[in-house]
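Participant: The structure is given below, and queries will be raised subsequently.
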Amino acid sequence: MGVTTCVVSGVTTCVCVSTTVRGGVEHNYRMILAGDAVADVHRDTHDAELKTMARVFADVKTTDEVEAILNG
């Protein structure tokens, strides 16, 4: 299929979203995380996980930036 990039959004940033992003990295996908399209119950854990994702696992972008990337 030629898919090399995954865009992720969702809820429970520090569990479900993080697991999806890390799994994608393990399968050699470029992971893009729409940081303003994810949420968690606690803002502090949400923010901390976004920082971890940006540092190691994903390109964290706004939804506007993701749209611009997808539109080429």
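Participant: Give me the percent of accessible area attributable to carbon and sulfur for segment 7-72, probe 1.4 angstrom.
Facilitator: The C+S portion of the solvent-accessible surface of segment 7-72 is 51 percent.
Participant: Let me ask something additional. In deg cm²/dmol, rounded to 500, what helix-only [θ] at 222 nm does the chain give when every DSSP H run of at least 4 residues adds -39500 (n - 2.57) and the total is split over its residues?
Facilitator: Helix-only estimate at 222 nm: -10500 deg cm²/dmol.
Participant: Right, next: If r is the Cβ-Cβ distance from THR12 to LEU70 and R0 is 25 Å, what FRET efficiency results, to the nearest 0.05?
Facilitator: 0.55
Participant: A further question on this structure: Return P(r) of the chain (all Cα-Cα pairs; 10 Å bins starting at 0; whole %; ordered from short to long distances).
Facilitator: It works out to 22, 55, 21, 2, in whole percents.
Participant: Would you calculate the separation in nanometres between label points at ARG55 and TYR29, each defined as 7 Å from the Cα along the Cα-to-beta-carbon direction?
Facilitator: Taking the simple label geometry, ARG55 and TYR29 are separated by 2.4 nm.
Participant: Leaving out ligands and nucleic acids, and using a 1.4 Å probe, what accessible area per residue does the chain come to in Å²?
Facilitator: That works out to 65 Å² per residue.
The values are calculated or read from the model by the stated rules, or taken from the named source; none is laboratory data. Model, not experiment: these values are computed from the prediction. Because the Cβ atoms are built from the backbone with ideal geometry, glycine has one as well, and the counts that use them run over all protein chains shown. We work out accessible area using only protein heavy atoms, side chains counted, and drop any ligands, DNA or RNA first. Shrake-Rupley method; radii C 1.70, N 1.55, O 1.52, S 1.80 Å.
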